[in-house]
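Working notes, structure below.
The values are calculated or read from the model by the stated rules, or taken from the named source; none is laboratory data. Keep in mind the model is a prediction, meaning the values are calculated, not measured. Glycine also receives a Cβ, built like all others from the backbone with ideal geometry; neighbour counts cover every protein chain displayed. Accessible surface is based on the protein model in full, side chains and every heavy atom, while ligands, DNA and RNA are left aside. Shrake-Rupley method; radii C 1.70, N 1.55, O 1.52, S 1.80 Å.
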Amino acid sequence: MKIQFYLRYSTQFGESLSISGDMEELGNNNLDQSLPLNYLNKDYWTVTIHVKRKNFKKGVSYKYILQTKDGSKKVEIFQDRQIDFLKKETEKIQLLDVWNANGDTQNAFFTSPFKNVLLHNKVSKVAKQHDGKFSHVFKVKAPLLKKDEVICLIGENEKLGKWSTEKPRLLSKVDDWWIVKLNFSDTFSSVNYKYGVFNVKENAFVCFETGDDRVLHTDANRKKLVILHDGFVHIPYNTWKAAGVAIPVFSLRSNNSFGVGEFSDITLLVDWSVKAGIKMIQLLPVNDTISLHNWKDSYPYSAISAFALHPLYIDLYKVAGEEFADQLVSLKKKQKQLNELDVVDYEEVMKYKLSILRELYEVAGKDCLASEGFKKFFEHSRQWLEVYAVFCYLRDKNNTADFSTWKTNAVFEKTEIAKFLVSRHSAYKEVAFFYFIQYHLHCQLKEAVEYAHKKGVIVKGDIPIGISRFSCDAWEAPDLYHMEWQAGAPPDDFTAAGQNWGFPTYNWTKMQANDFAWWRKRFEQMNHYFDAFRIDHILGFFRIWS
């Protein structure tokens, strides 16, 4: 079977295009093995491949790559063009595609915050208007339709209503695309057409897309299938607006809190956001910063782990549950005192929370660590969780996170650390205490974010550009950082002397050697909880004052 790809893209001298997809002929998604396209004319690039029909059992998806004059590559961020329609008599497939520029504003509406929350369940369903026998498949994107609106197709021939808006061909929504299958087998001349918007509730045409007519030049026959990926419908994309609120979790203190805002209090902010019409909550960093067990640890941008959550934000009552709620009765007076303070007493809150957590661990830890929920969390997190837990144990044993001063294990040795992870080791129970805390934090933050999603609100996290030089990350892999350097900022109007943040800088050469695995894991971890995230001082990826 023959497949012809045609990409509408006007290149500049020295640029070239290639295609990558999930089949052998397209390089199996390996960009280095992408298939080069051939220049056809000022508007189109093309390539033809021959494949076996058995390769189409699950369909084929693909995307295009632009190589610029300087040799760099621009890869389309989405791989959602698909060859997923076949007729048994098909011998030739023709793909007519439009380049999807990554910077196109409408692409934002196909990211997970919009698809899963902000625009979720807002698509009007319509009965499919496909022809039984079809030769052409029209596919187009339109993320910002109003309630009861769908995409329609109108054109100059009989099949497309001769530009009549009375009964246009309505498209159906499948994944990200609006689709209709039509039979143009008897059409051998070019056809002008446009997409439009149709209100199915009022049974009324709303508007045509703006711009020139689209033109279909290709013919069709019984053994040929044409699939058009027509990009975006040309309708205004600036109609969606929303506001957000940025806040540190510790500021969300409520009557239910224990002297500080907690993950459970996010739900109260969600309720307020819904009333205020706010669609996004942005939080300051929530990673564990416990280094010295004093107020200096309250700085949220100096984490001892790029992955672990801060015990400060744990809800003790949720950890206790109904079964052990009586153990917290005696804390009511202290809770009231801490909640009535004008500012958060970081040291007092942490002292009481860790003390109570140890008590709850004694009575509930064993069952918790044996639960299916914990086992699933542990398997997904063990790559960072085990090292973090041992680090915390050694930090408390040595009364400092400065591992260079530790009497033992100052230098990370994987085989030595593995000894602490065996249940018969004398320190294992203490190590597992930090598993217990992280699991409950994980559950509580996930629960809060899921509540936000149900209310139509998304949550944005914050990633500090630096890590503490006394962190488990630096302890485990010091070669990923320039430990002899300290990051900061030059003198400016805010600080005449400049700033020394104390963080080691990144050894980008070393990180690149393993394809930035540490950063990929960090982003993946943030993705468990947040719909989007801010990278603090993102300029640090390119240059940093040291």
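A few notes on this one:
- Label of the coordinate-derived value, Cα extents along the principal axes in Å, listed as (1) 82, 55, 51; (2) 95, 53, 38; (3) 65, 64, 48: (1)
- With viscosity 0.890 mPa s and temperature 25 °C, the Kirkwood radius over alpha carbon pairs of the range 83-229 converts through Stokes-Einstein to a diffusion coefficient of 151 µm²/s.
- If you take all other residues with their beta carbon under 15 Å from the beta carbon of SER251, and give Lys and Arg +1 and Asp and Glu -1, the sum is -4.
- Net charge contributed by nearby residues that have their C-beta within less than 15 Å of PHE78 (K/R +1, D/E -1): -2
- Among beta bridges that DSSP assigns inside the chain, antiparallel share in %, nearest 5: 65 percent
- Couplings 3J(HN,Hα) of the range 345-361, computed from phi: 8, 4, 5, 5, 4, 5, 4, 6, 5, 5, 5, 5, 4, 5, 5, 5, 5 Hz, in residue order, whole Hz [Karplus 6.51 cos²θ - 1.76 cosθ + 1.60, θ = phi - 60°; x for Gly and Pro].
- Lys, Arg +1 and Asp, Glu -1 on Cβ, resulting dipole of the chain about Cα centre, debye, nearest 20: 1880 debye
- Built amide H within the under 5 Å cut-off of HIS482, gap 5+: THR505, TYR506, ASN507
- Sequence ranges 87-96, 325-334, ranked by mean other-Cβ count within 10 angstrom, highest first: 87-96, 325-334
- Acute angle (nearest 10 degrees) that the helix 266-276 long axis makes with the longest principal axis of the chain, alpha-carbon atoms: 50 degrees
- For the range 4-156, with +1 on Lys and Arg beta carbons and -1 on Asp and Glu, the positive-most of ALA142, HIS130, LEU66 along the dipole: HIS130
- Cα long-axis angle, helix 517-527 against the chain (0 to 90 degrees, to the nearest 10): 90 degrees
- Charge sum, other residues only, whose C-beta stays under 9 Å from VAL150's C-beta, Lys/Arg counted +1 and Asp/Glu -1: 0
- Cross-linked pairs LYS42/LYS194; LYS376/LYS460; LYS42/LYS224; LYS2/LYS201: Cα-Cα separations exceed 31 Å for LYS2/LYS201.
- For trypsin sites (Lys or Arg not before Pro), the sites in the range 240-321 that DSSP calls loop and that have at most 11 other Cβ atoms within 10 Å are LYS241.
- The mean accessible area for residues of the range 407-513, using a 1.4 Å probe and ignoring ligands and nucleic acids, is 50 Å² per residue.
- The H on the amide N of GLN282, modeled in the peptide plane, is under 5 Å from the matching H of VAL245, ALA246, ILE247, LYS460, each at least 5 residues off or on a different chain.
- Computed in the context of the full set of protein chains, the accessible area of the chain at 1.4 Å probe radius has 51% of its extent on carbon or sulfur.
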